[in-house]
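Below is one structure, written out as structure tokens; the observations come after it.
Quick note: the coordinates plus some simple rules give every number you see, no bench work behind them. Since this is a predicted model, take the numbers as computed values, not measurements. Note that each Cβ is placed from the backbone with ideal geometry, even for glycine, and that neighbours are counted across all protein chains shown.
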């Protein structure tokens, strides 16, 4: 059995759910930005058209960062990667590109919905990644409390 330090603190069902959500959102984004979204983009003001194109790249970037992070967690769960390796900066969740709210408001509704969904998913995964990094040694709140008590006495 692997040691606590080599195991991911995330339940496999959580990671699987995030994977399915990220892949479904990536497919929806691809379908929209390469399909009807392209037609909608062509009818926009030139400045808004550029913002639309930039936002489609930002959505894709966010989703690819999430998918890479989830695949790293799956590799840990499968024993293909040690937890310590998964916590290396290169394996952590990539930063989300900023979205300008004023530019976002000018985009068609489907583009706004996809952008918001990608932001929401990235933020949730960002919180998970940060929680895992706060105290990689503590496998649970009870163990963290025991460690604090041990240091105090």
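Once the piece of chain linking residue 88 and residue 142 is laid out straight, how much longer is it, given 0.36 nm per residue of separation minus the C-alpha distance between them?
Going from the current span to full extension adds 16.9 nm.
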Item to check | Proxy reagent accessibility, fewest Cβ within 10 Å first, across 48, 76, 142 | outcome: 142, 48, 76
Checklist entry - In whole Å, what is the distance between the alpha-carbon centres of the stretch 99-128 and the stretch 34-84? => result 11
